[in-house]
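For reference, the structure is listed below as structure tokens.
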Amino acid sequence: MASNGLQIQRIDTSRDNARQGIAELRERLSPQGNVVSEAGRQKTIEVFGEELSPIEVVDRICRDVQTRGFDAVLDYARRIDGVELTAETIRVPEAELRAAYDAADPAFLVSIRRVRENIAEFQDAILHRDVRVDRPDGYLMQRYRPIRRAGLCVPGGAAAYPSTVLMTAVPAQVAGVKELAVVAPPTPFGAYNPDILAVCHELGISEVYRLGGAQAVAALAYGVDGISPVDKIVGPGNLFVTLAKKHVYGEVDIDSLAGPSEVVVIVDSSTEPEFTAADLIAQAEHAPGASVLIGWEAEVLDAAVAALETMLGELERGDLARQSLEQFGAVILARDADEACALASEIAAEHLHIATEDAERLAEKIPYAGAIFLGNYTPVALGDYAAGPSHVLPTSGTARFASGLSANNFLRANSMIHFGPEGLQRLARDVRMLATKEGLTAHRESVDVRSRRAPPNP
């Protein structure tokens, strides 16, 4: 493959150890909390008076919030975010939510309503419904009921994300969750952002807190004065949010442990190079964001990389995207389409864009991905903003066992069993056998005492 000015990792599977290169890439993106920037290291020393790893920082914050409650929340807001909050100012007043809504661009609100309808339609279509299985003289059921209260994390460090409010709140509302608490950092991109507040008001969310980072997750999980504990915490965030969700899991449920955004794009000769370049940059501009390009025709990959170089010089966030592409990106020349699919499945990326002529056929060969986008006219941005599935997706290879957020994640299931005398008699022999084998004689007797009074099977 031809050389280029963009210093992106190039892997040729016919010559290179592609899997080693992919493993190294994955390690750099893994949300394990072992890597911190120099600025982050200095901030840690400033706040805690000593050098701590991100994991140690999060453990300390979560324990502190659990023991000291609201005072710790305010303390960390001041020390980490540089914001003086009080019991009166940490929650966004309803009047402020309404004012942001009234001042919002009408065209923006129209878009929000259309997107909300798209999300709600899809989420309702996939929602679990109660299932009943009838048995002789009895029945079995799987019953689904929504959780009572959910916490929604909305990022607000480098950009504002009203789309995340939609992609977390609407699935919860479709599931029937009655109480939603939004936390967003006390920044112009977070809980002081009028677009964020307007969307919350449009969705009927009145509980919005100016709170970010690990302290926000801990406050939602444990509850503090003025913030009731939730049953589940969902939504993306930085490394500290991710590690905090890991820390509180078990006290509450969480959606996933998300790392930096990522995309794998599979291309062939039918793929427009400019389309490919835009797709790769769209993830890289998250900074960090991982973009991996896979194809089996060298000239197709070279054309895409050339288009990348041109487009990076034209886009506003091109410099940030270039850094991500060079640090976390890769261009992989596979031997054929089958190997490209095998590599994509091994990566198990958050977003998989199969931008090929036979995208649907190739998709059947790739079982593991957070969300799959098919064809040249389905960029990841459609899923990020408007299509219907949530954009909260598994990253860092966890799509091997995890799924994207959906309305079903806000439901809890329980089985229901009902039998009469005949149903009891029909199952009694097997219960008696297993209870005896396990030495649980009271279990056996709970069936026998009823069997002695029940009429014999006809």
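Each value in this text was obtained by applying a stated rule to the coordinates, not by laboratory testing. Computed from a predicted structure; not experimentally measured. So basically every Cβ, Gly included, is an ideal-geometry build from the backbone, and we count neighbours across all protein chains shown.
Roughly how many debye, to the nearest 20, is the charge dipole of the chain about its Cα centre, given +1 on each Lys and Arg Cβ, -1 on each Asp and Glu Cβ, and no other charges?
Values: 44 positive and 64 negative charges, 548 e Å.
Once rounded to the nearest 20, the dipole reads 2640 debye.
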Can you give the Rg to Rh ratio for the chain, taking only C-alpha atoms and Rh from Kirkwood?
1.05
Which of GLU262, GLU50, GLU117, GLU346 has the fewest Cβ neighbours within 10 Å, and the rest in rising order
GLU50, GLU117, GLU346, GLU262
With only Lys, Arg, Asp and Glu charged, each at its Cβ (+1 for the first two, -1 for the last two), find how big the charge dipole of region 38-81 is about the Cα centre; round to the nearest 20 debye.
120
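Once the mean 1/r over all distinct Cα pairs of region 274-392 is inverted, what Kirkwood radius in angstroms do you read off?
By the Kirkwood definition, the hydrodynamic radius is 14.5 Å.
Among 349-355, 73-79, 434-440, how do they line up by average Cβ neighbours within 10 Å per residue, starting with the highest?
With the highest mean Cβ count within 10 Å placed first, the list reads 349-355, 73-79, 434-440.
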Counting only residues 5 or more apart in sequence or on a different chain, those whose built amide H sits under 5 Å from that of ALA369 are none
Order of CYS62, CYS153 - criterion: other Cβ atoms within 10 Å of each residue's Cβ, fewest first:
CYS62, CYS153
Excluding residues on the same chain fewer than 8 positions from LYS43, give the lysines whose Cα lies under 30 Å from its Cα.
LYS232, LYS245, LYS246
Given R₀ = 60 Å, FRET efficiency for LEU434-THR378 by Cβ-Cβ distance, to 0.05?
0.70
Restricting to bridges with both residues inside the chain, how much of the DSSP beta-bridge set is antiparallel, in percent to the nearest 5?
30
Suppose the chain between ARG41 and GLU84 were pulled fully straight at 0.36 nm per residue; how much longer would it get relative to their current alpha carbon spacing?
13.2 nm
Only four residue types carry charge here, +1 at the Cβ of Lys and Arg and -1 at the Cβ of Asp and Glu. Report the dipole size of region 121-241 about the Cα centre in Debye, rounded to the nearest 20.
280
By count of other Cβ within 10 Å, fewest leading, how are MET433, MET311 ordered?
MET433, MET311
Gain in length, PHE108 to ILE126, computed as 0.36 nm per residue apart minus the alpha-carbon separation, to one decimal in nm?
3.7 nm
If you plug each phi of region 144-159 into the Karplus form 6.51 cos²θ - 1.76 cosθ + 1.60 with θ = phi - 60°, what whole-Hz ³J(HN,Hα) values come out, in order, with x for Gly and Pro?
10, 9, x, 5, 7, 8, 10, x, 10, 8, 10, x, x, x, 9, 7
